[in-house]
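The values are calculated or read from the model by the stated rules, or taken from the named source; none is laboratory data. Every value quoted in this text rests on a predicted model; they were computed, and no experiment measured them. Note that we place each Cβ from the backbone using ideal geometry, even for glycine, and neighbour counts take in every protein chain shown.
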Amino acid sequence: MKQTPTSRSRQSGLSLIELMISLVLGLIVVGAASAVFLSNRRVYGTSETVNRIQESSRVAFELMSRDVREAGGNPCSSSATLINQLTTADDSWWQSFAQGIRGYNGATATPGTVFGSAAANRVNGTDAIDLHLANTGDYRVTAHTNPSAELDLNTNAGVTEGEILMVCNMDFALIFQATGLSSTDKVQHNGGGGAATPGNTCAAFKFDRTGTCSVNRYCMLVPTGGAASAECDLKSDTPARMARVVSVRWYIGNNGRGSTSLYRATLTTKDNNATPDPLEPPVEIAEGVSGLSITYLSNGGAAYQAPAAVANWSNVVSARISLTFSGVEGGLAAGDIRGTDGNLLTRTVVNTVALRNRQGVL
């Protein structure tokens, strides 16, 4: 059948001009959609980075504040007179439990934690803080009727020879070293400490550190109806507890992944032959923490002071902690953790924590 001109015109395709117009319009639509997608992607990345910073700051301050609040604490009473029975009771580190808290500025070395670039090494120029507390391993004293014998407990499970411990009641809190265990419910506190160091000044508990070992002897608990030894120069019938002395350190360290993190290290007191005393492997608390600065308020002071200006750490009643958090890649792209200026997204958060065990803040 012969086609007419009219039918041929109805079957004709797009012209080149029409095709080019269609392509241009399509590219405009695709470009607009891509711009929206990239914008949303950037907003998501920035929001996710900020969310991670906020979550890290929440965790960091929650855990760090808990240790700061408990600094210098014991399971009995914050008003109990603290007496350190150890032979080196005035050492500058964990044996100075009476200080409760000790800060280091960014250039001051910390025993056991070195400056360096290896994983968990401290970052030079960032502050650090040591906190001393006795709030783990709560044991109940059932009797202590002889100052130079041993503590009778409900159990000594988990206690090891050489461990640094505290026994306390409402009047006194005594720091000593366990020199041995007998049966399943007794802890010995002989003088000298045996093979472990530093050892105890005397076999007898004393209610102060003056005089010889034969004076000022203290019996921690004489139960109702029980008989106290004639060697007890002072005795108590109030409930008593024993707990482990714990020292922790907070600092900024390299995490081995190209950024820095907030670390918490715990001092080991079960093997005290090492010098300085060893730290257990530090625990990484929050990633992307690039700065730590702490100032301190002393009882009766008018302003917060840098660590070097604190005259007596035993008088510190509050710490003002400033942490700087930076974005880290993780599962995000490099552009997601940076602002429009090309710099890392950072937030500095400040928190003030009072030491609840200091009478100045009760």
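Taken residue by residue, the stretch 231-254 has no member that is among the hydroxyl-bearing types (Ser, Thr, Tyr), modelled with pLDDT under 90 and farther than 21 Å from Thr87 by Cβ. For the stretch 329-362, residues that are outside any strand (DSSP E or B), under 20 Å from Pro75 (Cβ atoms) and either over 28 Å from the mean Cα position of the chain (by Cα) or at pLDDT 80 or above (or both) total 3.
Of all residues in the stretch 297-310, those being surrounded by 10 or more Cβ atoms within 10 Å (Cβ to Cβ), more than 22 Å from the chain's Cα centre (by Cα) and part of a loop (DSSP other than H, G, I, E, B) number 2.
So, in the stretch 179-232, how many residues would count as being in a strand (DSSP E or B) and in contact with a Pro (Cβ under 9 Å, 6 or more places away or on another chain)?
Within the stretch 179-232, residues that are in a strand (DSSP E or B) and in contact with a Pro (Cβ under 9 Å, 6 or more places away or on another chain) number 5.
When the test is whether a residue is small (Gly, Ala, Ser) and within 29 Å of Asp171 (Cα to Cα), Ala109 does not pass it. Total residues in the stretch 195-222 satisfying the condition of being in contact with a strand residue (DSSP E or B) (Cβ under 7 Å, 6 or more places away or on another chain) and of a type in the set (Gly, Ala, Ser): the figure is 3.
Among the candidates Tyr139, Tyr104, the residue that is of a type in the set (Phe, Trp, Tyr), modelled with pLDDT of 90 or more and within 23 Å of Gly199 (Cα to Cα) is uniquely Tyr139.
Selection of the stretch 31-70 for residues being out of contact with any Phe, Trp or Tyr (no Cβ under 6 Å at 6 or more places or on another chain), of a type in the set (A, V, I, L, M, F, W, C) and modelled with pLDDT of 80 or more yields Val59, Ala60, Phe61, Leu63, Val68.
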